[in-house]
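What follows draws every value from the coordinates through simple rules; no lab data is involved. Fair warning: this is a prediction, and the values are worked out from it, not measured in the lab. Every residue, glycine as well, gets a Cβ built from its backbone with ideal geometry; the counts of neighbours run over all protein chains shown.
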Amino acid sequence: PDTLRGAGALINLPIGSALTPQDIEQWPSISGGQFSVVTGANAMKWQTVEPNAPGVYDWTDADQLVAFAKQNGQLVRGHTLLWHNQLPNWLVNGFDAGTISKNQLWGLLEKHIFTELGRYRGKIWQWDVANEFFTDASPSGIDPTNWWITALGESVIPQAFRWAHEADPHALLFYNDYNITGEDGTNAKFTAVSTWVQQQRDKGVPIHGVGTQAHLDTQYGFDPQRFQSDLESYGKLGLRIAITEADVRTNVNNATDQVPTDSLAQFAQPFEYSAMLQAAISVPEVISFTVWGWTDYDSWVPSTFSGEGYACIYDVNQQPKQAYYSLLKDLQLA
Ligand code: G3I
């Protein structure tokens, strides 16, 4: 097979991408043809689905994603229900100003989870229920300054998993975070997350898997062995694992062309993508490998890290890069 999804299918590893509405509308053949699982880059976040007022929903982007996936025989990863970012202003400001009480906030969260999971019940393979709760510090732990934690306390996380499981019993429920597979160079966050997930599961909280975002930077050391051994460790806990947001950014000349300033990035990037995929292939508990956008054209990187980019497997003109061919070859040879 000469597509990522075709080659991945032969080894039962769904290959995925985050998609924006533009990816779907302008480049349906790549968005539909190369991937067998899709995630909304923003489509299913609370701010997107209930932007302006409680109970006033906008499912345009989420419906578009789910319909596109159906049309193309793709699975869907839902992303994400409980996160401190991209929340509706009415929610955050209302609670912070005291016009939404703590009890009302619990109720709004419950309603959010049941409404969204209910709308797409049976159509979502994996849900990123909770996202980015742990600190990068060593030792790491749940961030006490996280908006949800200050608002409702740590029990908000297990409660979200319980509601999600009730709302869609067949969806696989994930805890998703970054720097949890050795990217931080210390494994502090890996240790904290794996310990916490284990404790929650011992208490019966329905957490089925861990999503490692895997946002790499060619300027940091990346340790493929540690990446793989961390995946193996999650697997030994009985967890499924998803690579949920892979990309490999580097310094670039400018945000428009996204040409790496260091020509060695042209070698480091495909190497790091390939090392992640090979680790994913070799650990049986890894059930999907998703990149966070396939084209540099609408990658999240340049607007977040000034002076960086070139993070995706296709360039700004939607041409496949060496990283794409490396992934394809890894799958074909697996
Ligand atoms: O919706 C507004 C739009 O109305 C406005 O015209 C436009 C002008 O800038 O902004 C739009 O919002 C942007 C939104 O993406 C939708 O395009 C926000 O400014 C922008 O900050 C937001 O960025 C998203 C980012 O999450 C927010 O943290 C990225 O697209 C999205 O790829 C990124 O994804 C996250 C994952 O969910 C979690 N892990 C990290 C990852 C990268 O940050």
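If R₀ is 25 angstrom, what is the calculated FRET efficiency for the pair Ala67 and Gln26, using the beta carbon separation as r and rounding to 0.05? Intermediate values should be presented prior to the final figure.
Numbers: r = 16 Å, r/R0 = 0.65.
The computed FRET efficiency comes out at 0.95.
What residue among Phe174, Phe114, Phe161 has the largest mean-square fluctuation in a Gaussian network model of the chain, using Cα springs under 10 Å?
Phe114
Which of Ala242, Ala53, Ala265 ends up with the largest GNM mean-square fluctuation for the chain, with Cα atoms connected below 10 Å?
Ala53
Which residues in region 21-59 place their backbone N less than 17 Å from a point set 7 Å from the Cα of Val92 along the Cα-to-Cβ direction?
Residues 42-54 fall inside that zone.
Using a Förster distance of 22 Å, how high is the FRET efficiency between Asn52 and Thr115, based on the Cβ-Cβ distance and rounded to 0.05?
Working: r = 15 Å, r/R0 = 0.70.
That pair, Asn52 with Thr115, gives E of 0.90.
Report, in degrees rounded to the nearest 10, the 0 to 90 angle that the Cα long axis of helix 265-282 makes with the longest principal axis of the chain.
Tilt of helix 265-282: around 60 degrees.
Which value, in debye to the nearest 20, gives the size of the charge dipole of region 4-333 about its Cα centre, when Lys and Arg are +1 and Asp and Glu are -1 at the Cβ? The partial results should precede the final answer.
Working: 19 positive and 35 negative charges, 199 e Å.
The dipole magnitude comes to about 960 debye.
On a C-alpha basis, how far is the centre of region 15-46 from the centre of region 48-66 in Å? Whole number, if you could?
About 17 Å separates the Cα centre of region 15-46 from the one of region 48-66.
Would you mind ranking Asp143, Asp23 by Cβ crowding within 10 Å, fewest neighbours first?
Numbers: Asp143 17, Asp23 24.
Result, fewest neighbours first: Asp143, Asp23.
For Lys236, which lysines qualify as cross-link partners when the Cα separation must be under 29 Å and same-chain residues fewer than eight apart are set aside?
Lys123, Lys189, Lys203, Lys329
Could you compute how fast the chain diffuses translationally, taking Rh as the Kirkwood radius over C-alpha pairs and applying Stokes-Einstein at 4 °C with viscosity 1.567 mPa s? Give it in µm² per second. Write down the numbers at each step before the final one.
Numbers: Rh = 20.1 Å.
Translational D for this selection: 64 µm²/s.
So what is the calculated 222 nm ellipticity per residue for the chain, using -39500 (n - 2.57) for each DSSP H run with n of 4 or more, over all residues, to the nearest 500 deg cm²/dmol? All intermediate terms of the calculation are to be shown ahead of the outcome.
Numbers: 14 runs with 141 residues, N = 334.
It comes out at -12500 deg cm²/dmol, rounded to the nearest 500.
Counting other beta carbons within 10 Å of each Cβ, put Thr290, Thr181 in order, fewest first. List each step's numbers first, then the result.
On the way: Thr290 25, Thr181 28.
Fewest-to-most Cβ neighbours within 10 Å comes out as Thr290, Thr181.
May I ask for the angle, rounded to the nearest 10°, between helix 60-71 and the longest principal axis of the chain, with both axes built from Cα atoms and the value confined to 0 to 90°?
With rounding to tens, the tilt is 50 degrees.
State, to one decimal in nm², a quarter of the convex hull surface area for the C-alpha atoms of region 206-259, i.e. the direction-averaged projected area. Provide the component values of the computation, followed by the final result.
On the way: hull surface 19.3 nm².
The Cα convex hull of region 206-259, projected and averaged over all directions, gives 4.8 nm².
Note down the nm distance, to one decimal, between modelled labels 7 Å out along Cα→Cβ at Gln199 and at Thr145.
Each label point lies 7 Å from its Cα, and together they span 2.2 nm.
Angle, helix 156-167 long axis vs. longest principal axis of the chain, Cα atoms, 0 to 90°, nearest 10?
Between the helix axis and the principal axis of the chain, the angle is about 90 degrees.
Of the residues Gln22, Gln34, Gln159, which exhibits the maximal mean-square fluctuation in a Gaussian network model of the chain defined by a 10 Å Cα contact cut-off?
The residue that fluctuates most here is Gln22.
FRET efficiency for Thr256 and Gln322, Cβ-Cβ distance as r, R0 = 25 Å, nearest 0.05?
Step by step, r from the Cβ atoms, then E = 0.75.
By its C-alpha gyration tensor, with a ≥ b ≥ c as the square roots of the eigenvalues, how is region 152-194 shaped: rounded for a/c under 1.5, else prolate for a/b larger than b/c, else oblate? Could the numbers behind the result be given before it?
Working: a/c = 4.20, a/b = 1.96, b/c = 2.14.
In terms of gyration-tensor shape, oblate.
List the residues, sorted by chain then number, that are 5 or more residues from Trp127 or on another chain and whose placed amide H is less than 5 Å from its amide H.
For Trp127, whose amide H was placed from the backbone, the distant partners under 5 Å are Gly78, Leu172, Leu173, Phe174.
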